[in-house]
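Values quoted throughout were computed directly from the atomic coordinates according to the rules given, and no laboratory measurement underlies them. Quick caveat: nothing in here was measured; it's all calculated off a predicted structure. Cβ placement follows ideal geometry from the backbone for every residue including glycine, while neighbour counts extend to all protein chains displayed.
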Ligand code: XIL
């Protein structure tokens, strides 16, 4: 039985993963995506510079391929991501005028969310707005509009698709500190202004033996906002060299994280950020780490997979 079916049997909405034209071109990955998962996040094709690299020129070929694949296979989509400091074209980064940037954001979100209206379950409307110390990250959005870019983005997305679940997405909310404190304050402020926000995505790019044990308490804290919470980009990286002891520890950690979502009512689901260790973004981004996922480089199930199944 698939991970997705087991999560649904436990009353959750999905067990998800990423997909994009890269993995769709890889039969080993596509086969596992089809059989195990029910919710899909495009790894890149819905990011700003893949959609509107130059002003007014929209390219939806790849994102359409992903959405069409999902529909054909009776899968759901989490749109990712509308406003993020990365993958922003230079023409956006160079904007200094408030009215102009407001129009550009509203137009981008209106076009992208509008195109997939009714076909995308949720959107990561804003992504990674905080620094580690809880201050707002420097981006063209914050430089020009201050915090107002956040409600602006949510209102634009809600107008374009009133039924989509609208999320704020962030990493390193997995342990206590100023970043989750800032997130809790921001959520409180958005809720007090009736901003149409429905969920918090906690990316959970975890480090084995370091940032995993605090996940349950942190997830509970996020859930206390009464918004939906979702683990949106789960991987648990191991310090090189990988050995059986580290893989056994990783199994326990995947069990702990999966159980954390199961035990929280408004945790709607868990999404991984990749199928096979071969394709993970981690080794190329953080070279001292490896093997963060549930299938190894030969697409064989790791003990961590059995850990997740054991909990489900
Ligand atoms: C990553 C992709 O997996 C990589 O392929 C790409 O080179 C960089 O972005 N947080 C996010 C994701 O919200 O969009 C990022 O995805 C990983 C970190």
Checklist outcome for this item: Among beta bridges assigned by DSSP with both residues in the stretch 94-247, the antiparallel ones amount in percent, to the nearest 5, to 5 percent
Checklist entry - Taking the Cα centre of each part, how many Å lie between the stretch 149-175 and the stretch 91-116? => result 15 Å
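Could you list the square roots of 5 times each eigenvalue of the Cα gyration tensor of the stretch 125-276, that is, the equivalent ellipsoid semi-axes, sorted largest first and rounded to whole Å? If you can, show how the numbers build up before the last one.
On the way: eigenvalues 169, 56, 38 Å².
Those come to 29, 17, 14 Å.
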Checklist entry - What Rg and what Dmax come out for the stretch 211-312 when only alpha-carbon atoms are used, in angstroms? => result 13.8, 41
Checklist outcome for this item: the stretch 1-58 -> Rg/Rh from Cα coords, Kirkwood Rh, value 1.15
Item to check | Cα-based convex hull, the stretch 164-231, per residue volume (Å³, whole number) | outcome: 70 Å³
Checklist entry - If one takes the longest principal axis of the Cα atoms in the chain, at what angle in degrees, from 0 to 90 and to the nearest 10, does the Cα axis of helix 244-262 lie? => result 50 degrees
Item to check | Residue-span extension gain [residue 22 to residue 297] - 0.36 nm each, minus C-alpha spacing | outcome: 97.4 nm
Next on the checklist: Given R₀ = 22 Å, what would the calculated FRET efficiency be for residue 288 paired with residue 247, taking r from the Cβ atoms and rounding to 0.05?
Outcome noted: 0.85
Checklist entry - Could you give the length gained on full extension between residue 10 and residue 93, defined as 0.36 nm per residue of separation minus the Cα-Cα distance, in nm? => result 25.5 nm
Checklist entry - Can you tell me the Rg and Dmax of the stretch 1-119, counting just the alpha carbons, in angstroms? => result 16.3, 53
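Over all directions, how big on average is the projection of the convex hull of the alpha-carbon atoms in the stretch 209-250, in square nanometres?
3.5 nm²
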Item to check | Mean shadow area of the stretch 218-278 over all directions, Cα convex hull, nm² | outcome: 4.6 nm²
Item to check | Cut-off 17 Å (backbone N to label point 7 Å along Cα→Cβ of residue 263), residues of the stretch 160-191 | outcome: 174-176
Checklist entry - Helix 27-36 versus the longest principal axis of the chain: what is the Cα-based angle in degrees, 0 to 90, to the nearest 10? => result 90 degrees
Checklist entry - When the Kirkwood radius is taken over all Cα pairs of the chain, what Stokes-Einstein diffusion coefficient follows at 10 °C and 1.306 mPa s, in µm²/s? => result 81 µm²/s
Next on the checklist: As a test of the formula, what do you get for the chain when each DSSP H run with n ≥ 4 contributes -39,500 (n - 2.57) and the sum is divided by the residue count, at 222 nm and rounded to the nearest 500 deg cm²/dmol?
Outcome noted: -12500 deg cm²/dmol
Item to check | Potential lengthening between residue 210 and residue 192 on full extension [0.36 nm per residue; Cα-Cα distance subtracted] | outcome: 3.0 nm
Checklist entry - Per 5 Å bin, what percent of the C-alpha pairs of the stretch 82-160 does each bin hold, from zero upward? => result 3, 15, 27, 26, 17, 9, 3, 0
Checklist entry - Going by how many other Cβ atoms sit within 10 Å of their own, how do 101, 173, 33 line up, fewest first? => result 101, 33, 173
Checklist entry - Given the chain, what percent of its DSSP beta bridges are antiparallel, to the nearest 5? => result 10 percent
